[in-house]
1. If you take the Cα atoms of segment 129-268, find Rg, then find the Kirkwood Rh from the mean of 1/r over all pairs, what is Rg/Rh?
2. Considering only Cα-Cα distances, which of the following residue pairs are longer than 24 Å: LYS157/LYS235; LYS164/LYS197; LYS157/LYS182; LYS235/LYS277; LYS197/LYS235?
3. Given R₀ = 51 Å, what would the calculated FRET efficiency be for PHE225 paired with LEU408, taking r from the Cβ atoms and rounding to 0.05?
4. So how do 368-376, 106-114 stack up, highest first, on mean other-Cβ count within 10 Å?
5. Nearest 0.05, what FRET efficiency do VAL258 and ASN370 give at R0 = 51 Å with Cβ-Cβ as r?
6. Considering just Cα atoms, how many Å³ per residue does the convex hull of segment 194-327 enclose?
7. Of all alpha-carbon pairs in segment 1-50, indicate the percentage at a distance above 11 angstrom.
8. Ignoring solvent entirely, what values of log10 I(q)/I(0) come out of the Debye formula for segment 43-118 at 0.14, 0.19, 0.23, 0.27 Å⁻¹ when each Cα is a single scatterer?
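The values are calculated or read from the model by the stated rules, or taken from the named source; none is laboratory data. Owing to the predicted nature of the structure, the values given are computational and were not obtained by experimental measurement. In this analysis, Cβ positions are derived from the backbone assuming ideal geometry, glycine residues included, and neighbour counts consider all displayed protein chains. Heads up: the accessible areas ignore ligands, DNA and RNA and are worked out on the full protein's heavy atoms, side chains in. Shrake-Rupley method; radii C 1.70, N 1.55, O 1.52, S 1.80 Å.
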Amino acid sequence: MAIANPRLLVVEDDDGLCSQYRWAFPGCTVLMAHGRAQAVALTKRDRPPIAVMDLGLPPDPDGVSEGFATLDEVLRIAPETKVIVVTGNGERKTALRAIAAGAYDFCEKPVELDVLRTIIKRGLNLYRLEEENRRIAASPPASAIARIITGDAAMLKICRDIEKIATTNVPVLLLGESGTGKEALARAVHDLGPRAKNPFVAINCGAIPENLLESELFGHERGAFTGAVKQSIGKIELAHTGTLFLDEVGDLPHPLQVKLLRFLQDQIVERIGGRQKIQVDARIVSATNANLDEKMARGAFRGDLFYRMNTFTIRIPPLRSRGGDVMLLANFFLNRFNQEFGRRVRGFTEQACVAMTAHDWPGNVRELENRLKRAVVMSDRRMIDAADMELAPHEDGAPDLDLRTARLRAEHGVIKAALARSNNTMSLAAKLLGVSRPTLYGLLEAHGLVGEADRAADGGPRDGSARPETALLNE
């Protein structure tokens, strides 16, 4: 949603330029300031989303000291304001210093109004996106799961499912890539259920050596093995009346799979070196990033254990498929780390937003959190750039969201796929696409493919009176 008549603060002491600015931006409410005091007062009163600021202000019109002081005060009062600084020709170092101080962009004198309008439009778009993210971040969570920050429909459905499952006592299996939030969801199963006041015990089955894992899970008696100088209570016992979370259960060694299955069947454990049967009432929540179907096919994971654990299976989507969650989480982490480390980083550059959206996030939410933490701690600027997060800038720039362009792009891809599947047989390709051959030729022409088709054809007239049966597209 566009900002209706956005307020544009102009900080300029040249009366001629002031008059020019007044009529140059008819879609904005122009607020005029001739010095620092006026700029600060207008910023406090109106908190404009965008500002154009000359750095050469009185009492230092030939220098930039007053301009930088004004920039600092404006951003201190309204850190969300996108400030465009105006600099003299050849003062690129000054402009870059202003960007490092928190300015959004710069424009060189003599000012080209068309260029300035474009910069202002981009700044307003970024302001709108950040404002929407702030609104979403400040709004009440859509789910009772406090540790999950999401606006994605699939994740919100998972949160609602967790709320329902939590009231039961059945085993739950969480499947998803590393860093997608499996432990947060496991804790939610515990916290939202009747066992919330009892222990939540977590163990990572892939992080403990095999020779120690059995003792960690089931405990041992004194003297059970060399080094067992005292009795040790296992994780399963510690989870009595509560929840046992088995993280990376897919890495559980085969012998321990047998013992775990026995526990799931009768809820009884025996410590290593002991003979006493101990009744344990614990809810089991398991998680893994492994492909258990593949492991079962290879005999690396027991099928009977799998079916015991997956009464309810929750498949968690990776971050890259969660729509706008990347920017939502990025702003959440930015606010959290600003408070934690006492920093004043106020947002992301447009390049950073594009780079984050384009990145695949193989480490998912955990990777995003770690990159943001490092960026907030190490950044010397008010705005985080792609380089601060060690992300490569996206070469294509901002993604093209025009619907017509997207449809044409999708249509182009489907036509090429149909031709490939039909081995470039036009009649079969037309049938796959659900169109007639003449329509397909029209589509080839519309997408600029007909010339290549004609060049690669097996012969035949090219005057439009007849078409070859096959066209080999060499792309």
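1. Result: Rg/Rh = 1.07.
2. LYS157/LYS235
3. In this case the efficiency is close to 0.15.
4. Details: 368-376: 19.4, 106-114: 14.2.
Peptide ranking by packing, descending: 368-376, 106-114.
5. Details: r = 37 Å, r/R0 = 0.73.
The computed FRET efficiency comes out at 0.85.
6. Working: hull volume 20.1 nm³, N = 134.
Dividing the Cα hull volume of segment 194-327 by its residue count gives 150 Å³.
7. Tail of P(r) above 11 Å: 67 percent of Cα pairs.
8. For the requested q values the scattering log ratios are -0.41, -0.75, -1.08, -1.36.
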